[in-house]
Amino acid sequence: MESIKVYAPATVANVACGFDIFGLAVENPGDEVIVKKRNDDKIIITEITGDQGKLTFDPQKNTVTVPIIKYLEHLNKRTGFDVILHKKMPLGSGLGSSSASSVAGVYAVNQLLDQALPTRELLQFAMEGERIACGSAHADNVAPALMGGFVVIRSYSPLDFFNVPTPDDLYVTIVHPDIEVNTKDARYILKNEVSLKKAISQMGNVAGMIAGLISGDYSLISRSMVDLIIEPVRSILIPQFFEVKMAAVDSGALGCSISGAGPSIFAFSKGKETAEKVAVAMAREYQKVDIKTNVFVSPINKIGPKILD
Ligand code: HSE
């Protein structure tokens with residue numbers, strides 16, 4: 001194989017109570033990356049679309065190529081590639097935009113090199129894309145984009161992550177208001193210390209979320225969608241956050257919180273019909289204040305990256 005086109009999905013990180021440890025993949029949107037073997041050892045980004053000219057063509061600085069370079073260094077391979085990136089989701093949106101590009105790129109190259117490494121071993125390289133994008137190599141977007149489904153990062157050092165099964169009728173609504181929140185800034189404003197009381201409540205919710213997902217207990221999932229640590233701080237960066245959250249819950253959502261570092265807001269619902277109703281109600285809150293939105297409704301994507309051609 002000389003060339004391949006790969007799709008990697010958007011992701012919701014944190015999923016309310018699991019800051020930097022929970023993430024899930026959705027079916028849409030997602031990025032597409034085309035990788036073609038070259039006759040020399042150069043890595044060249046030949047085309048980027050859908051980014052309004054905002055992304056760099058420098059392979060040492062773009063989140064699509066940095067993981068590829070690290071992967072090739074690790075394998076000691078001198079194969080060169082032309083890389084085309086089609087951004088299909090807004091940047092700085094809280095949808096794991098940089099992760100989708102990182103995962104698609106390194107997954108594609110691994111396919112062209114006859115799956116030199118098992119998929120889960122690509123995570124360490126994809127995380128390097130996050131380091132470039134926001135200064136911190138967290139894995140809660142890249143891991144679900146790579147593995148599909150709902151992923152828990154149990155430990156960063158050493159890296160230890162696992163998938164958690166999710167009920168089939170669990171749907172995700174995402175509303176992206178047309179403003180940009182820089183992940184670096186959204187991390188910088190967080191407090192470094194947490195009270196014991198809050199830590200205890202948060203641990204209870206983390207445990208409740210996992211047990212609820214595994215057993216398909218929607219009420220337990222709903223009760224566990226509480227974030228006492230991050231949401232109260234970050235919500236100040238997101239206009240209408242509380243109005244949107246209230247609209248989601250009033251329309252039948254199981255719960256609602258910030259997607260990743262924001263500004264996107266996500267909600268869980270039981271069933272597609274409710275998730276669509278929730279989407280309308282959430283978007284309406286932004287219409288009232290003339291903020292444009294992108295709205296996505298999706299089941300959990302259990303597959304992760306997909307080979308398109
Ligand atoms: N866990 C990360 C954060 C996800 O909330 O900062 C954003 O990339």
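Computed values, structure above
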quantity: Packing-based exposure ordering (other Cβ within 10 Å, fewest first) of 87, 198; calculated: 198, 87
quantity: Percent antiparallel among DSSP beta bridges (both partners in the chain, rounded to 5); calculated: 90 percent
quantity: Residue 254 long-range amide H proximity, modeled H, under 5 Å; calculated: 268, 269, 270
quantity: Rounded Å value of the spacing that divides the Cα centres of region 169-230 and region 1-79; calculated: 27 Å
quantity: CD proxy at 222 nm, helix term only [per DSSP H run n ≥ 4: -39500 (n - 2.57); per residue of the chain; nearest 500]; calculated: -10500 deg cm²/dmol
quantity: Gyration tensor verdict on region 175-224 (Cα atoms; rounded if a/c is under 1.5, prolate if a/b is larger than b/c, oblate otherwise); calculated: oblate
quantity: 17 Å Cα-Cα reach of residue 292 towards aspartates and glutamates, excluding residues that sit fewer than 8 places from it in its own chain; calculated: 178, 180, 243
quantity: Residue 272-residue 233 FRET efficiency (beta carbon distance; Förster radius 35 Å; 0.05 resolution); calculated: 0.60
quantity: Gain on full stretching of the segment that runs from residue 188 to residue 217 - 0.36 nm per residue minus C-alpha separation; calculated: 6.9 nm
quantity: P(r) tail fraction, region 254-301 - alpha-carbon pairs more than 17 Å apart, %; calculated: 32 percent
quantity: Choice from 204, 260, 30 showing the highest fluctuation, given a GNM over the chain with Cα pairs closer than 10 Å; calculated: 204
quantity: D_trans [Stokes-Einstein, Kirkwood Rh over alpha-carbon pairs] for the chain, 37 °C, 0.692 mPa s, µm² s⁻¹; calculated: 170 µm²/s
quantity: Region 170-299: C-alpha gyration tensor shape, a/c 1.5 cut-off, then a/b vs b/c; calculated: oblate
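Quick note: the coordinates plus some simple rules give every number you see, no bench work behind them. The model shown is predicted, which means the values in this text are computed figures rather than measured ones. Glycine gets a Cβ as well: all are built from the backbone with ideal geometry, and neighbour counts include every protein chain shown.
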